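Heads up, the thing below is written out as structure tokens.
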Amino acid sequence: MAQTKTAPIKGAKAQNNAAADALVTTLRETIVSLVRRDGPDLSARQLAVFLTCYLQEEGHTVRGLAAELNVSKPAITRALDRLGELDLARRKVDPLDRRSVLVQRTLKGAAYLREIRSIMGESAAPKKAVEEKTVRARAA
């Protein structure tokens, strides 16, 4: 009876590992595709700041990003300097609290996010089809 209980756990772990491998492969393929294109070349930190600003509700501050990403405010400032140079994000003094700096999205940044989504979708689609085929084969 003990073997029956451990078998699904091993199977579930293998499925989780396979899913994680697929995600890592999609991430790698996305990064390689972005690097090959004639577009912005962002560091991991810059990409983390960019995605945080674009995938979560607006209203980010340098202080808030530093806390959320668990990095220093100067590190966020350097990342935002680069994102600003590329017009992927911009900073603006908060009119309600002049000590605070707000991070704003840009049209070019929104287009870059669409590009990332498209690349990831193209990369993930074949893996999803193979995964579904494998699940159907196991069920049969």
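Every test in (1) assigned to a helix (DSSP H, G or I); (2) more than 18 Å from ARG117 (Cα to Cα) is passed by TYR54 save one, and that test is (2).
Of everything in the stretch 70-118 that's among the β-branched types (Val, Ile, Thr) and part of a strand (DSSP E or B), which residue is surrounded by the most Cβ atoms within 10 Å (Cβ to Cβ)? If we take residues in the stretch 70-118 being among the β-branched types (Val, Ile, Thr) and part of a strand (DSSP E or B), then VAL103 is surrounded by the most Cβ atoms within 10 Å (Cβ to Cβ). Picking from residues in the stretch 26-51 that are in a loop (DSSP other than H, G, I, E, B) and at pLDDT 90 or above, the one that is nearest to ILE119 (Cα to Cα) is LEU42. Being closer than 17 Å to THR30 by Cα and under 19 Å from the mean Cα position of the chain (by Cα): is that true of LEU88 here? Against the criterion (closer than 17 Å to THR30 by Cα and under 19 Å from the mean Cα position of the chain (by Cα)), LEU88 does not qualify.
Of all residues in the stretch 91-120, those that are of a type outside the set (Val, Ile, Thr) and under 11 Å from PHE50 (Cα atoms) total 6.
The values are calculated or read from the model by the stated rules, or taken from the named source; none is laboratory data. Since this is a predicted model, take the numbers as computed values, not measurements. For neighbour counting, all protein chains shown are included, and Cβ atoms are generated from backbone atoms with ideal geometry for every residue, glycine included.
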